Structures are given as structure tokens and as C-alpha cells.
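Accompanying notes for the structure given below.
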Amino acid sequence: MFQFKQFTIHQDQCAMKVSTDACILGAWVDVAQAENILDIGSGTGLLSLMMAQRTNAAIDAIELDLPAFEQAKSNIAESKWSDRIGVFHGKVQDFSPDTKYDYIVSNPPFYQNHLKSEKVQKNQAHHTETLSFEELLDSVLRLRTTSGKFAVLLPAYEAKVLESLAINKGLLPQKKLTVRHREGAKILRVIVEYGSEPEILENTELLIKDAQDQYTGQFSALLKEYYLIF
């Protein structure tokens, strides 16, 4: 399990474990004004719980993998925000809620042409066969409000692929966070927030560790409300 300051994540049934980049996504998204949030591919329920900690929003989380869905339900049920988070099992392509969302977050599967694991659950979590980028974007467009935002976490190359598709569908990048382990290291992940209104792109970089292999002040400030070590 992974213990945070205000909640606990059990992850023995999930192929996608708690990761540093997912925690960065959960802490970085600007959901302060959101009233209805959707977490696509919730896994353990980590992102939903991180967002619930600092908002009063109603949050829906959808997960295709049954063991992960059950684990997310359990993690959320044990939290203090269980009354505000609904967990749904199934494909987001088929998801038909009664509401639209003003903020949608996803840490989606992204491998497109990589060798697969022998484990079906791990393949679903990591590969795009169950949720292509086209299907993800079409689901976002269908489920968001007119002014709704969409934030997604991907490796650098896949982020460029999705950005091109998103722009063609009228979703424009408005904020971008490039994540590296340390100065000069290759890009670990890119988080992009999309919206419909053309705005000046806010482009920033986050370094996780400094030259002394200590967490940077920037990283500590972002995660201080969640990590026990800060």
C-alpha cells in the first residue's frame, strides 16, 4: 500500500501502481473551480482522491479492469470523501452519465507498438487497444461541458501525437508541464491541459531531483499536501 497524508492507496489488485508522475498529475491539475470532475482510467482511485482532497467537486471515476475497479471502490470507500466520488466499471466509450464535466483528467494507456506482457491486465493498463487516443479525445468531447478542461499525462512522443489529434478536434493546449528526473535528463512525462478557447500557452518544467539527489523545492511544494516526507 501507499500511505498519503490524508488517505491510503491499496494497490495489490492493480497493474498500474502508484507512480511519481501520476502523483504530479494529481497535484498539478487546476481543479479549484471545478464542480464536476471525471477521472478516466482511475486505476487505484489515486487521482480522484488527490483531487477530492482539495476541492468540493463531485467526482466520477471510470475503470475498465474489474480488479482495479474493485480496488478503487475499496480505496475510495475508506476515504473521508466517499460521498463525493462515484466509481463506475466499464469503457469510457460507453459511459453515459447524467451530467457533463467541467474538468476531465486521464493517465491513459499509451503504448501503441510495443511488445506486450503475457499478463492481460497489464496490457489493458499500458496499451492503447482498449482506449485509443482518438477514442479518448472523442469521449472527452462528448462528456465535457462547452468550457470544460481536459488534462492528460503521457510520455513526450505520445504527448505530441495526442496534441496533433486534439488540435484537429478543436481542443487546444493551454498549459503544459514537462517533467524530468533532474537537470539535463530526458523528458519523463508531459502533462497538458486542453480547452476550447485560444489562450497563450503556459509552458513550465518540473525537476524532481537536484544535483545532490534531493527532491527539489519545486517538487516538494507541489506534493507537500500529500507526501508524508514533506
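Quick notes on this structure:
- Subset of segment 29-52 (residues that are open to solvent by 30 Å² or more (accessible area, probe 1.4 Å) and within 15 Å of the chain's Cα centre (by Cα)): Asp30, Gly41
- When segment 1-28 is limited to residues that are of a type outside the set (Ser, Thr, Tyr) and closer than 15 Å to Ser82 by Cα, the one that is surrounded by the most Cβ atoms within 10 Å (Cβ to Cβ) turns out to be Ile9.
- Verdict on Phe230 being surrounded by fewer than 16 Cβ atoms within 10 Å (Cβ to Cβ) and either more than 16 Å from Asn107 (Cβ to Cβ) or small (Gly, Ala, Ser) (or both): yes
- Odd one out for Ile200, checked against (1) among the β-branched types (Val, Ile, Thr); (2) closer than 22 Å to Asn107 by Cα; (3) surrounded by fewer than 17 Cβ atoms within 10 Å (Cβ to Cβ): (2)
- Unmet requirement for Leu47, which otherwise passes all of (1) under 20 Å from Thr130 (Cβ atoms); (2) in a loop (DSSP other than H, G, I, E, B): (2)
- Selection count, segment 56-73, where residues are within 23 Å of Glu225 (Cα to Cα) and open to solvent by less than 10 Å² (accessible area, probe 1.4 Å): 4
- Residues satisfying the stated conditions in segment 134-181, i.e. among the polar types (S, T, N, Q), open to solvent by 50 Å² or more (accessible area, probe 1.4 Å) and in contact with a Lys or Arg (Cβ under 9 Å, 6 or more places away or on another chain): Thr146
- Within segment 151-171, being of a type outside the set (Val, Ile, Thr), under 23 Å from Ile37 (Cβ atoms), touching a strand residue (DSSP E or B) at 6+ places or on another chain (Cβ under 8 Å) and not in a helix (DSSP H, G or I) holds for Ala151, Leu153, Leu154, Leu171.
The values are calculated or read from the model by the stated rules, or taken from the named source; none is laboratory data. These numbers were taken from a predicted model, which means no experiment stands behind them. Reconstructed Cβ throughout: ideal geometry from the backbone, glycine too, with neighbour counts over all protein chains shown. Please note that ligands, DNA and RNA were not included when accessible areas were found on the heavy atoms of the full protein model with its side chains. Shrake-Rupley method; radii C 1.70, N 1.55, O 1.52, S 1.80 Å.
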